Every structure is written in C-alpha cells, then in structure tokens.
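One structure is given below, encoded as structure tokens.
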Amino acid sequence: MSSVTGREAPAYDDGSTPTTPTDGAQPDMDRLAARIWPGAERLRDHLAGQVDEDGLVRDQCGSRVLESALLLSLLRKTRSLPGVQDGLAGYLRDARLDGPMDTMIVGAVMGHSGQQDREAVHLDEFRHYTGSRKRLLLRTLLSLTGAVPLDTNTDARTLRYRGYAAWTELSLCAVKILHGHAHGGRAAVRTADQDYLAGRLESAGPDQVWEGNALAHLIALHALHTCRPDSPLLHHGIAALCRIRNGDGGLPFVSGQDIFATALAGKALTAAQAPQSLLIRMGDRISGLQQRDGGWAFTEAASQTDVDDTAVCVEFLRVTDTARYRHVLARAEEYLAAMADPRGGFPTYLRGDQPEADVTAGAVTALSASWRDHAPLLDRCVEFLLSAQRDDGTFENSWTRSRSSAVHRVLDALGPAPPAPADRSARIARAVSASTGLLAKSQNADGGWGYQPGKDSDVISTAHALPVIARTGDHHTLRRGLHYLLARQNADGGYTSVPDQVGPRPLPFDYPVLADIHVLNALTQLKDVLRTPATAPDAHAPRSEAF
C-alpha cells in the first residue's frame, strides 16, 4: 500500500498516485529519519524503566469526576470516612472538567444548579449499538450523584442483565435494583437479584476492586445499600475503593490496566530493539496470565477475557519469541477463531455481539501471521472492514476517542491481506486513499492532529496519524507532524497527552503510559517506511543488554 516501501501505491480520488521520493528528496528523508532515533532511544529507555520486576507495566489510571462523585455520594449516604469525603470534594472542586457531564456532576455535588437539559441532549446524541442500554446506565449513574432525578418511566421488571460482559451484567443488575427500590421500596426488589449482586461482589475477595472496575463496583454498592445496607460487602467494597484513590484525592475508573499496557508496550519495545532479557521477562508474565479459555483480560484482577486484549497479547508474544510461546499462541488463536462472527468481524467480549471495526482490525493483525490457517475467516473480516469504512474515510472509534487511531489500526490490518478475490486489492487501495486523504486534510496548523476535527492537537492522535501519512509519501505533512511530535518530548524522555481511551463508551479515561507506548510504536513504524540512515540501529544487530 505504500509507495515509499515499494509496494503498489493507492490511487487518490482524482486518479493520481503518491510519488516515490526522488533522489533529490532522499537527503531530506534521511534527515527526517535521523531526527527520530535520538528521541526514540530516550523514549525506549523511559518506557523500559516503567516495567516492574515481575514484567508488568503498572501505571495508575487518572482520577475521574464520575467515580469520585459516586464514591462521595456513597460515603455521604453511609455517613462514613469524613476525611476521605473532604479529599474527594477537594478533587472535584479542582478537577479539569471534560465535557458537559462532568460540569453537571460537579455542580450537583457542590450544591449548584444542574444543567439537565444540556446533558440530556448529550446522552440522546450518543449513537452506538449499545446506545439505549448505555443511556439507561449513564442516567442512573447521574441520578446517584444528584445531577438528575431517577427516570420514573423505567419498569424494573422488564430489565434483563444476563448474557453480557461481566461488568455489564453487574451494572445492569444494580440498575434494576435501584429502579425497583425507587418505585416500590425494598420489598419490590427480587431476592434473586439481590443474591446475584451479592454473589458477584463476594467473588472479588477481600480488599479488591471487583474485576478491577471501580465504576461497576460503585454502582453495585449503591444498589446494595438500598436493599442490604448492613452487609459487610458494602464496607469492604468502600475500603477497597478508597485504597485505589490517587494522590489528588480522586478515584480512577479502573484499578489497573497492566495486561493491556504491558503487551502494547512490549510490542513497541521489541520494535525499538529493547534488551531481549526484558522482553522475555514481560512475555513470560503475559503468557502466565492467559486464562483457561485462551484469552486475556485487561488486567490481572479481571476474569472477563476479550478479543482486543487477546489480540494485543498475541502480537507481542509473536514478535518476541514465537517458538517460546507457541503453545500459548495456539490457544489464543483458537480463542480468537471461536469469537469471530460467522458473517465477518469480531466483537469485543462475547461471540454473537455486534462486531466492531477497531476490534476486528486488532484480531486480523494478530492472526495475519497464520493467514493460511484462517483464510476464510480473515477474508470475511477484510470484507467487514471495507464495508465498515464511512464515506469520509473514517471508522467507528470504538474504545478510543481518536479517529486517527481507528484509521491507523484498520490500515495496519488491511496491509497483509492477500490479493484474492480479484477486486480486493483495488478496493483496499481506495479505502487507504480515502483514509490517508482525510488525515492529510485534517492536520492542524501546529503540525499535529486532534482526536476529532476542530480539537487541539494531542500527542496520541498525532502518533496514530503519522504512520498513516508516511504511507502516502507526503513529506511536507510528515515533516510538520514529526516536528510537532518530537518537540513535545518531556525531559525524562516520555510524553504527555490528553485522555484517549473511553469506558464505558463514550466517557474518556486517562492512562498516562499510553502516550509513551503509542509514540514509540509510531516512531518504530516510521523506521520501516523511511530509508534507514547510517545512524539508525541495525535491525539485525543483537540487542544490547543495557540501556
């Protein structure tokens, strides 16, 4: 797909094609590449320093307004821990507000008038296949913070919560209990629902946030308080949540994301020629966290496996040492193959759920090394990805706010696709042209990209856009983007960006280490596109065992 790498170039909408750099342009390309290596090496060292002795990358999720307000509300209900209440209130007073929902929640917690009409519009505009269910959940959460009254039109008897991902089941069970209690008191809440809620909470064990998901744990505790206010699970849960509070006094969305972050970091560190001993330490830890079904969860504290995290783990283990992890990889491929939709595409959590482009792209990339073994499945997935592209060249963002992230991931997945059927190469070329053209036109004046049109440039969105732009041979856009990215490297070698992930969709949460990972991944991908200068490390040289 890239003229720079010598493969067939995609045609632009006007029929023209990107041009291969001329000899006169090559010194400029060499200078671009030479600028990458010093920054990439500093970033590699910085990221490697964040790997713990046990091989995991553990970073603290940033505090979020929603969870902090929910914990504060729960503590006020139970009249407990006044010092923690003060810390949460202090965080909420000083928090950076990310959108109308945050503004509304903080206003309610602080006793100011709400902005219910504005937030209702925000929720009504949310478009996703989980939309109605998600709106019910978010409105219920908002009611617990005092921002809106509980919806009186919801009949708790009609709510079903089985057959979803683990945290969705628990959250919807809590929603059912909260609505039932609001409409009929404690007697209106079915014992079976109470038992299910309590049983799920008991599975966390003492002092643990349930499945590593603070938000699901919080709504469950609010529901438990309505029907079993004296349950020890209530006080144990509060204690567990208080233990993961950040230094700013606030509460994060999740207690950790160590599996996902480690696998993603390991892939970038492998491409950046990190020491093999470090990579094996990381790989051994990740392989040991594979679950019985062959998949991985996002954190070692969770049992719910998913396609997205499994795909990232497969990519990392394969590039690190295929032979060493062959049995683990075989089980993971079986897991992924079993999760695929028969019509094409992959869901996130459960077979039969609606497939998603971003998740499908990750699975295709993970399985592409074994294309012959999975050819019919992957052919259907390529068709799914091509049909999922919108008219403007974008794809649904799924678990990220950055549209360049989804574009980057899908184009990476389409790259290894074999030419059959006959017209697929041309269709892929048109899809690549549409996406690369979109990003080329949406570069900001400072050289970077924002996560959506009109948004300020940020490091993560720019890191995803640059490898896509590099495919086009557009040196001017690439130079400007690299200047933006390299100029924003911190003194310690790392990077800082705006929150990029979302969960539950569409609510953003911040995992700071991802900025380092995505930038390093982008710089190593650019290495494969730009001609390797003499100053770059030899890709075939043995890795140094010290930085």
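The values are calculated or read from the model by the stated rules, or taken from the named source; none is laboratory data. Quick caveat: nothing in here was measured; it's all calculated off a predicted structure. Here the Cβ positions follow ideal geometry from the backbone for every residue, glycine too, while neighbour counts run over all protein chains shown. Note: areas computed on protein heavy atoms with side chains; ligands, DNA, RNA excluded. Shrake-Rupley method; radii C 1.70, N 1.55, O 1.52, S 1.80 Å.
Structure summary
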| read-out | value |
| --- | --- |
| Which listed residue is surrounded by fewer than 16 Cβ atoms within 10 Å (Cβ to Cβ), closer than 19 Å to Cys227 by Cα and in contact with a helix residue (DSSP H, G or I) (Cβ under 7 Å, 6 or more places away or on another chain), from His179, His183 | His183 |
| Unmet requirement for Phe346, which otherwise passes all of (1) assigned to a loop (DSSP other than H, G, I, E, B); (2) touching a residue at least 40 places away in the same chain (Cβ under 8 Å); (3) touching a Cys at 6+ places or on another chain (Cβ under 9 Å) | (2) |
| Filter result (open to solvent by less than 10 Å² (accessible area, probe 1.4 Å) and at positive phi) within region 186-226 | Gly212 |
| Residue identified as open to solvent by less than 40 Å² (accessible area, probe 1.4 Å) and of a type outside the set (A, V, I, L, M, F, W, C) among Gly111, Gly49, Gly99 | Gly99 |
| Any hit, region 181-192, residues being under 23 Å from Ala214 (Cβ atoms), outside any loop (DSSP other than H, G, I, E, B) and of a type outside the set (Ser, Thr, Tyr) | yes |
| Test set (1) loosely packed, with under 15 Cβ neighbours inside 10 Å; (2) within 27 Å of Asp492 (Cα to Cα); (3) out of contact with any Lys or Arg (no Cβ under 9 Å at 6 or more places or on another chain); (4) modelled with pLDDT of 95 or more - Arg64 fails condition number | (1) |
| Residue satisfying all of: in region 474-527; aliphatic (A, V, I, L, M), farther than 29 Å from Phe298 by Cα and touching a residue at least 40 places away in the same chain (Cβ under 8 Å); surrounded by the most Cβ atoms within 10 Å (Cβ to Cβ) among these | Leu478 |
| Checking Pro229 against (1) touching a strand residue (DSSP E or B) at 6+ places or on another chain (Cβ under 9 Å); (2) open to solvent by 10 Å² or more (accessible area, probe 1.4 Å); (3) not in a helix (DSSP H, G or I), the condition it does not meet | (1) |
| When residues of region 232-274 are limited to those that are hydroxyl-bearing (Ser, Thr, Tyr) and under 20 Å from the mean Cα position of the chain (by Cα), the one least open to solvent (accessible area, probe 1.4 Å) | Thr262 |
| Residues (over 21 Å from Arg190 (Cα atoms) and either open to solvent by less than 30 Å² (accessible area, probe 1.4 Å) or modelled with pLDDT of 95 or more (or both)) located in region 149-173 | Ala165 |
| The lone exception for Gly83 - which of (1) more than 28 Å from Arg135 (Cβ to Cβ); (2) in a helix (DSSP H, G or I); (3) in contact (Cβ under 8 Å) with a residue 40 or more places away in the chain; (4) open to solvent by 30 Å² or more (accessible area, probe 1.4 Å) it fails | (3) |
